[in-house]
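What follows draws every value from the coordinates through simple rules; no lab data is involved. Since the model is a prediction, treat every value here as computed from it, not as a measurement. Here Cβ is always computed from backbone atoms with ideal geometry, including for glycine, and neighbour counts include all displayed protein chains.
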Amino acid sequence: MGFEVDAGGFYGEYGGAYIPEMLYPNIRELEENYMKIVQSDSFQSKFRLLLRDYAGRPTPLFRAERLSAHFGTQIFLKREDLNHTGAHKINNTIGQILMAGQLNKKRIIAETGAGQHGVATATVCALTGMECIIYMGALDMERQAPNVKKMLMLGAEVRPVHSGNKTLKDATNEAIRDWINHPVDTHYIIGSVVGPHPYPDMVTRFQSVISEEIRIQLMEKTGRDYPDYLVACVGGGSNAAGAYYHYLENEGVKLISAEAAGLGVDSGFTAATSLLGRPGIIHGSRTLLMQDADGQIEEPYSISAGLDYPGVGPLHAWLAESGRATVFAITDDEALQAAMLCTRKEGIIPALETAHALAALEKISPGAEDVVVVNLSGRGDKDMETYIEKLEI
Ligand SMILES: *Cc1c(COP(=O)(O)O)cnc(C)c1O
């Protein structure tokens, strides 16, 4: 079974580019050029240099002794939390800002929900001197005020979106509208492996540096370049896609995806997209989508803002449906407990998103000799308020 995107931009029956006609020139330009640019030596040398000297890569692969003893197996943590800006998102925004430069774009737009992708985008725009406009739901702007201030300090313009529920979906619609109106000079930086082809594939390639490094680091530490289990959380799915990429065709690696069950899969307050979703179209791609009987998108819920998305990238829809990945839905409470366990056992406070991946360790039964890699997608600084309240610290 193949897990690479096909020529039409599909993973199995998921993906594609379902876009309004007015967006066609923008998507066409990107599709025709992105592989040539990504594979060119000049792009790769700039990309690799920034990943190393700006983001701080390679990120360590840490043997977590006390977590290993707790679970009776060999656990390694891939420390994406040690990247500049505190998560894996910078890998993608560095790749895309260089892509925009190669395409002679002068203006960057992005959407953001929790603000993490907005900050990562504003960061690389400051780095390169690009104009930066971030669309953000007005409700999210209230809930994520510190990230709004960071974006402003970085020189971005943050445009509040007052339509719909005033959250991520509405911000995305507004960003797409902007792109349609500025087809020539603007690049749209999407923050995960979602959206129309070629975004899911392009973002996966930028994030694939994660599994590229895991191979080398595991070889050094264990004498074998692949783990038995590879665990990641899935919101849109970019950190998971990057961690999985070089192992997609290696069936010896069990891929374990953690999505957000919120208050419970059947509670009505959940973001367990691939478990509850049905095929539908969101943001230009066909994927699994939480929707009501009329096909209207249901508002997702999770304690973790980064997992709070009604869809999932088309690669992940295909990995789940084909059985290549096993998906566990993790409740808010399970994630909070896992965050505490990681903190007390290893002295690492993980992001709430990442805590969902750590909670999946409770759902699998690896042997004592098995090697388990958890992609530690981000650090928990941004989630301290939630931890203080919910864990009564
Ligand atoms: C944004 C975010 C996620 C979710 O996004 P993916 O595209 O699914 O990776 C996960 N972890 C952290 C720390 C994040 O900031």
Under unit Cβ charges (Lys, Arg +1; Asp, Glu -1), what dipole magnitude, rounded to 20 debye, does segment 122-249 have relative to its Cα centre?
320 debye
Calculate the dipole size of the chain relative to its Cα centre from +1 charges on Lys and Arg beta carbons and -1 charges on Asp and Glu beta carbons; express the result in debye to the nearest 20.
1080 debye
What Rg and what Dmax come out for segment 187-304 when only alpha-carbon atoms are used, in angstroms?
16.1, 53
Taking 124-130, 354-360, 316-322 and ranking on average Cβ neighbours within 10 Å, highest first, one gets 354-360, 316-322, 124-130
Enclosed volume per residue, in Å³, of the convex hull spanned by Cα atoms of segment 68-225
144 Å³
Select from Gln44, Asn33, Ala64 the residue farthest towards the positive end of the dipole of segment 1-65; place +1 on Cβ of Lys and Arg, -1 on Cβ of Asp and Glu, and compute about the Cα centre.
Ala64
Which length gain, in nm to one decimal place, applies between Asp185 and Leu152 when the Cα-Cα distance is subtracted from 0.36 nm times their residue separation?
9.7 nm
Links exceeding 31 Å between C-alpha atoms in this model, out of Lys149/Lys254; Lys169/Lys345; Lys106/Lys149; Lys105/Lys149; Lys36/Lys382, come to Lys149/Lys254; Lys169/Lys345; Lys36/Lys382
Dividing the alpha-carbon radius of gyration of segment 237-309 by 2.2 N^0.38 Å (N being the number of residues), what value is obtained?
1.22
Given charges of +1 on the Cβ of Lys and Arg and -1 on the Cβ of Asp and Glu, with all other atoms neutral, how large is the dipole of segment 181-263 about its Cα centre, in debye to the nearest 20?
120 debye
Have a look at segment 29-84 and give its Rg and Dmax from the Cα atoms, expressed in angstrom.
17.4, 51
In terms of the charge dipole of segment 79-206, which places +1 on Lys and Arg and -1 on Asp and Glu at the beta carbon, the residue among Leu82, Gly195, Pro146 farthest towards the positive end is Leu82
Alpha carbons only, please: Rg and Dmax for segment 262-388, in angstrom.
15.4, 49
Can you find, among Ile19, Ile330, Asn250, the residue farthest towards the positive end of the dipole of the chain? Put +1 on the C-beta of Lys and Arg, -1 on that of Asp and Glu.
Asn250
Unpartnered Cys in the chain, judged by a 4.7 Å Cβ-Cβ cut-off, are Cys233, Cys342
Evaluate the Kirkwood expression for the hydrodynamic radius of segment 180-223, namely the inverse of the mean inverse distance over all pairs of different C-alpha atoms, and round to one decimal in Å.
12.7 Å
Suppose only helical runs count, i.e. DSSP H with n ≥ 4. What mean residue ellipticity at 222 nm does that imply for the chain under -39500 (n - 2.57) per run, divided by all residues and rounded to the nearest 500 deg cm²/dmol?
-12000 deg cm²/dmol
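If the convex hull of the alpha-carbon atoms of the chain is projected onto planes in all directions, what is the mean projected area in square nanometres?
Mean orientational projected area (the chain, Cα hull): 17.6 nm².
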What is the diffusion coefficient of segment 1-156 in µm²/s, taking the Kirkwood radius over Cα pairs and the Stokes-Einstein relation at 10 °C with a viscosity of 1.306 mPa s?
88 µm²/s
If you stretched the chain out fully between Arg143 and Arg224, how much longer would it get, using 0.36 nm times the residue separation minus the C-alpha to C-alpha distance?
24.7 nm
